[in-house]
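Chemist: Can you keep this structure in mind? I'll have questions shortly.
The values are calculated or read from the model by the stated rules, or taken from the named source; none is laboratory data. All values derive from a computational prediction rather than experimental measurement. With ideal geometry, Cβ positions are generated from the backbone for all residues, glycine too; neighbour counts draw on all protein chains shown.
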Amino acid sequence: MRLPGLLAALVLLIASAAPAAAQNRFWLQNNTGQTIVAANVSPSRVTDWGPNILGQPLRPGMQVFVEPTFRDCYLDIRVRFADGTEDGHLGVHACTLSRITFGRDVPQAPVPPPPREREVEREDPSFVFVNRSGEPIREIYVSLTSERNWGRDRLGPNQILPPGASMPIGLPRTGVCTVDMRIVYMDGRILEQRNVETCSIRNYAWR
C-alpha cells in the first residue's frame, strides 16, 4: 500500500502552502538619554503610523521587543520623547536586523563615580618625651585631651626615666593635637601638664 507515502506528500504540500512567519521582529533600543513615551511602527508603503506600540515609557538604556502584525520588511519607525520632540527611522530593512537603536548604536558606558577624594593625612601628635626635671621619673601617663582616662603607665613596671633620658610617646592620629601629661616622681609627687600641643614638635622637655 502506498498510503504512508501519500500522507507524507500531503503533509509536505500543506506545510509548503502555509504562510512563512514574519521575520521583521526586532528589539527597539533607547540609547538617547531621554525617556521614550510613545513609538509607532508601520510598513514603509503606507502613510498611517498606526497605534502606539509601547505599553509603558521606555527609559534610557532600556529595550522592548517589537513584533509587527504585518510581514513587510521595510518599516518606518517613529518615537516621541517625554519633552514632546520626535525622531524616526524611515525605510529600515527590519528583516535583516535584530535591533533598531535610537541614539548611539552602542550604549554609553555608565558614567563612573567621581574618584574619592584622597583622605587628608592627619597630623601626628606623637613625640619624644625628654626628662629635664633633674629627678628620676617613676611613672609617665600621656593621653589625648579628647580621652577620658590616662591610660597605661608609659614606662611600665619597675622602670624609671633618669634625668636627661628620653623615650618616644606614640599617640593615634585622630585629628587631636593636644595632650595631657601626668608624671609621678620617685617620692610619689605628682605633676600634670594639660593641653600641650605636640603635632608641631618632635621633642617635649619636661621640667
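Chemist: Scan (1) within 36 Å of the chain's Cα centre (by Cα); (2) within 19 Å of C95 (Cα to Cα); (3) of a type outside the set (D, E) for the single condition T69 breaks and write down its number.
Modeler: Of everything listed in (1) within 36 Å of the chain's Cα centre (by Cα); (2) within 19 Å of C95 (Cα to Cα); (3) of a type outside the set (D, E), T69 misses just condition (1).
Chemist: Let me ask something else. Among the residues of segment 27-59, how many are closer than 17 Å to D76 by Cα and not in a strand (DSSP E or B)?
Modeler: Matching residues across segment 27-59 total 11.
Chemist: If you go through segment 60-72, how many residues are part of a loop (DSSP other than H, G, I, E, B) and not charged (D, E, K, R)?
Modeler: Start the filter on segment 60-72 by keeping residues that are part of a loop (DSSP other than H, G, I, E, B), which leaves 60-62, 67-72.
Remaining after also requiring not charged (D, E, K, R): 60-62, 68-70.
Number satisfying all stated conditions: 6.
Conditions (1) over 15 Å from C199 (Cα atoms); (2) among the small types (G, A, S); (3) within 46 Å of the chain's Cα centre (by Cα), marked per residue:
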position: N131; (1), (2), (3): yes, no, no
position: L144; (1), (2), (3): no, no, yes
position: N149; (1), (2), (3): yes, no, yes
position: N158; (1), (2), (3): yes, no, no
position: P162; (1), (2), (3): yes, no, no
position: G170; (1), (2), (3): no, yes, yes
position: G175; (1), (2), (3): no, yes, yes
position: D180; (1), (2), (3): no, no, yes
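Chemist: Hey, another quick one. Considering only segment 90-207, give the strands (runs of 3 or more DSSP E) lying wholly within it that have at least 1 residues that are modelled with pLDDT of 95 or more and more than 30 Å from F65 (Cβ to Cβ).
Modeler: 127-131, 137-144, 166-169, 178-185, 190-197, 203-206
Chemist: Within the set of pairs 6+ apart or on separate chains, which have a first residue in segment 78-102 that is without any contact (Cβ under 8 Å) to a residue 12 or more places away in the chain, a second that is among the charged types (D, E, K, R) and outside any helix (DSSP H, G or I), and C-beta atoms under 9 Å apart?
Modeler: Filtered contacts from segment 78-102: E86/R78; E86/R80.
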